[in-house]
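Novice: Structure provided below as structure tokens; questions to follow.
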Amino acid sequence: MNKYLEKVLNEVTKKNFSEKEYLQAVEEVLLSIEPVIEKHPEYEKIALLERMIEPERIITFRVPYVNDKGQVIVHRGYRVQFSSLIGPYKGGLRFDPSVNQSIMKFLGFEQIFKNTLTGLPIGGGKGGSDFDPKGKSDGEIMRFCQSFMTELQRHIGQDVDVPAGDIGVGEREIGYLFGQYKRIKDTYEGGVLTGKGLSYGGSLARKEATGFGLIYFMREMLASNNNQSLKDKTVTISGSGNVAIYACQKALEYGAKVVAMSDSKGCVYDKNGIDLELVKEIKEQRRGRIYEYLNIHKQAEYFERENEDSPIWAIKTDIALPCATQNELTLNSAKKLVTNGVIAIGEGANMPCTKEATEYFLANNILLAPAKAANAGGVATSAIEMSQNSMRYYMPFEQVDNELNKIMINIFNSCKSAAKEYNLENNYVAGANIASFTKLAKAMIAQGIV
Ligand code: NDP
Ligand code: 2IT
């Protein structure tokens, strides 16, 4: 291995030994940019890699709130302001009991590379809390969001740091967060948060953007490999949240047959094809569980999750779209998918395939659309939302969707040509890392030692 890379990898591992998700994300990027590092020995003297992998700032804070029983509960809040190299820190907020510093850092790190690929002026950040929104009343959610923003507001701003949604944070939470920000700052600063409701500054097509963008990327990847398409392909999609639902919608529009979706407890298989309107009603309107699908569609089957291998990956499919969470697709699951003839994987979630699963897919020539490229449509449309807020003007749905489509085509082409340049044809994982790293390295050198 390249000596400089080896040194940096050893140091980062020693310094962050307890942060396994963060180390996983860093290792993947560093290993795949080795051919670039080989070409640029001058990076070592200016500690380019060391500066790229160390967050500019990590903020942690106490978030107390009063639940409906009158009990005070204390959670931990985070904002990792990873890189402002090419724009204000930008990235979502995740509310989930699993949230810890390692997960925040891995997501913030991935976000830098993803945001660079969009070609838009946005840096990288991530935040959230170990608060679990499941089963909480509207009042509890509102009080929690207000408390969270009471501290976060001193660290963000439309030109400083612009949070958005992620797992457990959707339009409802962004509304409560925005209301509290506005109340404290006494000013309407539309571009301070994205994913806002349409009535007070949100963008059309932001809700759909991550899922639609994933399918646009998949369309390009399939077309570029033997002129394939989504038409008549069988698709399975893990998760049934924001990303999964709109990936399903666009896949159906393109003539695919989606046969399974899931949530954290289990998956539904409907051989007749998933009834998306019903999933929307269960998940978006009632915040219910995916097994409720069987109350209406008796022919469907429900498989409960029993261990780390989600039952959804045992279902035969042409295309698998992991759209739930990190490391949800293990080596075991990858083997089942390959045995069952899968042709392409599209990562809607961030880092959903384990390191071993990723390597297995690549070794078996399965097309793999990596998260930082394939799910970049969400944050790209967030940047379009920020532009609209600055212009004080709103674009129609079709215009935003067209921009998104163009951005996803550009991202695919960047990944493809970067992979080709280093003789790594069809390895879009390496392509995405190399394309974004090359641009970031240039920006770092141009800005001096900071
Ligand atoms: P949502 O909260 O809307 O949905 C999350 C979905 O994933 C739910 O179906 C949830 O099931 C499931 N899920 C959550 N945790 C787990 C788990 N530990 N194991 C199995 N399933 C789980 O989130 P999003 O759809 O917004 O986000 C999904 C993924 O996409 C995340 O990785 C996120 O980082 C990524 N992403 C999101 C973007 C966005 O714009 N929203 C943009 C780019 C990436 P349950 O309801 O049972 O918890
Ligand atoms: O992971 C992601 O890219 C997001 N959760 C969206 C971030 C954003 O700022 O829109």
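Novice: Can you tell me which residue in the stretch 298-321 is least open to solvent (accessible area, probe 1.4 Å), limited to those that are within 30 Å of Ser137 (Cβ to Cβ) and more than 10 Å from ligand 1 (Cβ to nearest atom)? Write out each step before concluding.
Specialist: Within the stretch 298-321, the subset within 30 Å of Ser137 (Cβ to Cβ) is 302, 304-305, 310.
Remaining after also requiring more than 10 Å from ligand 1 (Cβ to nearest atom): 302, 304.
Details: Tyr302: 60, Glu304: 124 Å².
Among those residues, the one meeting the criterion is Tyr302.
Novice: Looking at (1) in a helix (DSSP H, G or I); (2) open to solvent by 30 Å² or more (accessible area, probe 1.4 Å), which one does Pro121 not meet, given that it meets all the others?
Specialist: So the condition that Pro121 fails would be (1).
Novice: Identify all residues within the stretch 250-267 that are surrounded by fewer than 21 Cβ atoms within 10 Å (Cβ to Cβ), within 14 Å of ligand 1 (Cβ to nearest atom) and of a type in the set (Ser, Thr, Tyr); write none if there are none.
Specialist: Answer for the stretch 250-267, where residues must be surrounded by fewer than 21 Cβ atoms within 10 Å (Cβ to Cβ), within 14 Å of ligand 1 (Cβ to nearest atom) and of a type in the set (Ser, Thr, Tyr): just Ser264.
Novice: What residue, among those in the stretch 434-450 that are outside any helix (DSSP H, G or I) and within 11 Å of Leu48 (Cα to Cα), is least open to solvent (accessible area, probe 1.4 Å)?
Specialist: The extreme case among them is Gly448.
Novice: For the stretch 399-433, which residues satisfy the criterion of being open to solvent by 70 Å² or more (accessible area, probe 1.4 Å), assigned to a helix (DSSP H, G or I) and in contact with a Leu (Cβ under 9 Å, 6 or more places away or on another chain)?
Specialist: Gln399, Asn410, listed by residue number.
Novice: Would you point out the residue of the stretch 96-118, among those that are outside any helix (DSSP H, G or I) and within 19 Å of Gly241 (Cβ to Cβ), that is farthest from ligand 2 (Cβ to nearest atom)?
Specialist: Among those residues, the one meeting the criterion is Pro97.
Novice: Out of everything in the stretch 54-97 that is in contact (Cβ under 8 Å) with a residue 24 or more places away in the chain and aliphatic (A, V, I, L, M), what residue ends up being farthest from ligand 1 (Cβ to nearest atom)?
Specialist: Taking the candidates together, the pick is Val66.
Novice: Glu56 fails exactly one of the following numbered conditions: (1) open to solvent by less than 70 Å² (accessible area, probe 1.4 Å); (2) touching a Phe, Trp or Tyr at 6+ places or on another chain (Cβ under 7 Å). What is the number of that condition?
Specialist: (1)
Novice: Let me ask something else about it. Considering only residues of the stretch 239-249 that are away from ligand 2 (no atom under 16 Å from the Cβ) and in contact (Cβ under 8 Å) with a residue 40 or more places away in the chain, which is nearest to Asn272 (Cα to Cα)?
Specialist: Among those residues, the one meeting the criterion is Gln249.
Novice: Using the structure shown, decide if Gln158 is touching a residue at least 24 places away in the same chain (Cβ under 8 Å) and either surrounded by 23 or more Cβ atoms within 10 Å (Cβ to Cβ) or under 21 Å from Thr60 (Cβ atoms) (or both).
Specialist: no
The values are calculated or read from the model by the stated rules, or taken from the named source; none is laboratory data. All of these numbers come straight from a predicted model, not from anything done at the bench. Positions of Cβ are backbone-derived with ideal geometry, glycine not excepted, and every protein chain shown enters the neighbour counts. For accessibility, only protein heavy atoms count, side chains too; no ligands or nucleic acids. Shrake-Rupley method; radii C 1.70, N 1.55, O 1.52, S 1.80 Å.
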